Each structure stands twice: as C-alpha cells, then as structure tokens.
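What follows is a set of notes on a single structure, which appears directly below.
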Amino acid sequence: VQLVESGGGLVQAGGSLRLSCVVSGNIFRINRGTWYRQAPGKQRELVAAITSGGSTNYADSVKGRFAISMDSAKNTVYLQMDSLKPEDTDVYYCNVLIYNSEYWGQGTQVTVSS
C-alpha cells in the first residue's frame, strides 16, 4: 500500500489549500482516513478524520475552517483548508486504516504567511 500526498504549498493568511492523499495497492476499502500535522520539535497532532461510513471529527483549532472527505472510488482522502492562519503552518501527513493496518504518507508542507 502506498500513499501519495499533494496540494501543499505557500499561501497567504486567509487563503485556501486542498490536500489530496491517493492510496494505491492491495486495497479493499479504506476504513478510516486521517490527516495529522507536525511542526519540528512538536508532537504530531490529529487534524481531521473520516470513517468509511462518513463520520468525521476535527481538532478544535480547525473546526469550521477545514473539511475532510473521502472518495472511495478513487481511494483518495482530501482535506479542504480554508481561512488559513499562520499557525496552520506544518507538515501534513495522511494516514489510512485498511483492515487492521495503518499506513502513512510522506508528508506535504503547508506554509501560511501573515
């Protein structure tokens, strides 16, 4: 199973980015897709998660600004990020749960300038 993330970059405060995580390999179904973020020297933080049934949960810091979604036909997990703030600057990692195994992407840098 491989995960390829894309969509990160540099954006001004108040702007938007859409992260994508394409999952390939021996996949029957993605049971859960999760986006985490991590800054150097800090713990990895859960940003948003979605189950195959469509249930979602978000970190308080991103509620109302970020939206996670999953396209099962494309084996892709998305993170729509709006009203970005400088404190959203981090490396964002995709994580998926397939059967009972978790897989990680390589991370994509998001930088928000003030």
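The values are calculated or read from the model by the stated rules, or taken from the named source; none is laboratory data. This is a predicted model, so every value here is computed, not measured. Every residue, glycine among them, receives a Cβ derived from its backbone with ideal geometry; neighbour counts consider all protein chains shown. Accessible surface is based on the protein model in full, side chains and every heavy atom, while ligands, DNA and RNA are left aside. Shrake-Rupley method; radii C 1.70, N 1.55, O 1.52, S 1.80 Å.
At-a-glance table
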read-out	value
Mean accessible surface per residue for the chain, computed with a 1.4 Å probe while every protein chain stays in place, in Å²	53 Å²
Under 20 Å from the Cα of LYS74 - aspartates and glutamates, other chains or at least 8 residues apart	GLU5, GLU102
Candidate lysines for bridging to LYS63, where Cα separation is under 24 Å - those fewer than 8 sequence places away on the same chain excluded	LYS42, LYS85
Length-normalised contact order for the chain - Cα pairs under 8 Å, 6+ apart - percent	37 percent
Percent carbon-and-sulfur accessible area, the chain, ignoring ligands, DNA and RNA, probe 1.4 Å	46 percent
Within-13-Å neighbourhood charge of LEU19 [Cβ basis; K, R +1; D, E -1]	-2
Residues GLN106 and SER52, FRET efficiency given R0 of 22 Å [Cβ-Cβ distance, rounded to 0.05]	0.40
